[in-house]
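Down below is the structure, laid out as structure tokens.
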Amino acid sequence: MPVKNLWQNLSSAESIVLYWSRPDEYQSSYTYRVQTNVTSPSSWIRDTIVTNESATIVNLTPGETYTFLIYTRASDNVTESDPVSLTTCTVAGLAALIAVNSNKSVDSLVVNWTISSGKASYYNVTITGDVNHTIQTGDTQVTFIGLSPGREYNVTVQTVSGNCSDTSPPVTEATCEYGHVIHSSSDYSNTKLW
């Protein structure tokens, strides 16, 4: 009496929704036990008992891979079917407080962010504009060089954990123009240096 057609319908950073079809010879007295396990290293987390063919598993870790085992339980709450399993992952946590600064440079931008919640294997930091480039890093800072003066660029930070990932909204910043401004000590007039 194992369940059939187990699938994942929705996933967020901290929850996963599972659906399945009733087993053959289903009886209204049946219930289901959903066992949640961390995949690597393998460890049991909790059991959830449900009466319908769906379960929302909450309080999970962002970017973690889980294996869910669904057992059909008879009315005695002891007899169970063989399990049907599904391995999937929660959405990786987004990098936070992303800051992109030129630091008065005409050809480079520095990107900083705070580490995402949950698990993160590495980050893909992508810049787009007249230059398109991606840097993979395990740190929380990268520097893009060889950019054009006075140009705007969009930067995104993708958190990757195993087969799971999520990408931040883009942050826009511009490099400085060729010249910079100084103040004369005599008349405080603006002078551009080229």
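The values are calculated or read from the model by the stated rules, or taken from the named source; none is laboratory data. The shown structure was predicted, so the numbers you read here are calculated from the model rather than taken from an experiment. FYI the Cβ positions are ideal-geometry reconstructions off the backbone, even for glycines, and counts take in every protein chain you see. Calculation scope for accessible area: heavy atoms of the full protein, side chains included, ligands and nucleic acids excluded. Shrake-Rupley method; radii C 1.70, N 1.55, O 1.52, S 1.80 Å.
Surface listing: Arg22, Arg73 arranged by accessible area from highest to lowest gives Arg22, Arg73, probe 1.4 Å. Which label marks the calculated value of Cα Rg over 2.2 N^0.38 Å, given the options [x] 0.99; [y] 1.59; [z] 3.60? This structure yields the entry labelled [y]. With pairing defined as another cysteine C-beta under 4.7 Å, the cysteines of the chain that fail it are Cys176. Near the amide H of Thr90, within less than 5 Å, lie the amide hydrogens of Gly63, Glu64, Tyr66, all on another chain or at least 5 residues away, with H placed in the peptide plane.
Using the Karplus relation 6.51 cos²θ - 1.76 cosθ + 1.60 with θ = phi - 60°, the per-residue 3J(HN,Hα) values for segment 2-13 come to x, 5, 10, 6, 6, 8, 9, 9, 9, 8, 10, 5 Hz, with x marking Gly and Pro. Database remark: amide H of Tyr122 closer than 5 angstrom to the amide H of Val160 (H placed geometrically; neighbours at sequence offset of 5 or more, or on other chains; Pro and chain starts carry no H). The residue list Ala120, Leu10, Thr67 was ranked by how far each Cα lies along the charge dipole of segment 1-136 toward its positive end, using unit charges on Cβ atoms, and Ala120 comes out on top.
Surface listing: Arg151, Arg33 arranged by accessible area from highest to lowest gives Arg151, Arg33, probe 1.4 Å. Electrostatic bookkeeping for Ile57 treats Lys and Arg as +1 and Asp and Glu as -1; over the other residues with beta carbon under 10 Å from its beta carbon, the sum is 0. At 1.4 Å probe size, what's the solvent-accessible area of Thr65? Round to the nearest 10 Å². Its heavy atoms expose roughly 40 Å² to the probe. A Cβ-based charge dipole, computed about the Cα centre of the chain with Lys and Arg at +1 and Asp and Glu at -1, lands at about 80 debye. Enter the Cα centre distance for the pair segment 156-177 and segment 7-80, rounded to the nearest angstrom. The two parts, judged by their Cα centres, are 33 Å apart. Taking segment 27-43 and a reference point 7 angstrom along Cα→Cβ of Thr51, the backbone N atoms nearer than 12 Å belong to 28-32. A protection proxy built from the mean count of other Cβ atoms within 10 Å ranks the segments 99-109, 131-141, most packed first, as 99-109, 131-141. Fully extending the segment from Asp82 to Asn132, taken as 0.36 nm per residue of separation minus the present Cα-Cα distance, adds 12.9 nm. All other residues whose Cβ lies under 11 angstrom from that of Val100 are scored, Lys and Arg at +1 and Asp and Glu at -1, for a net of -2.
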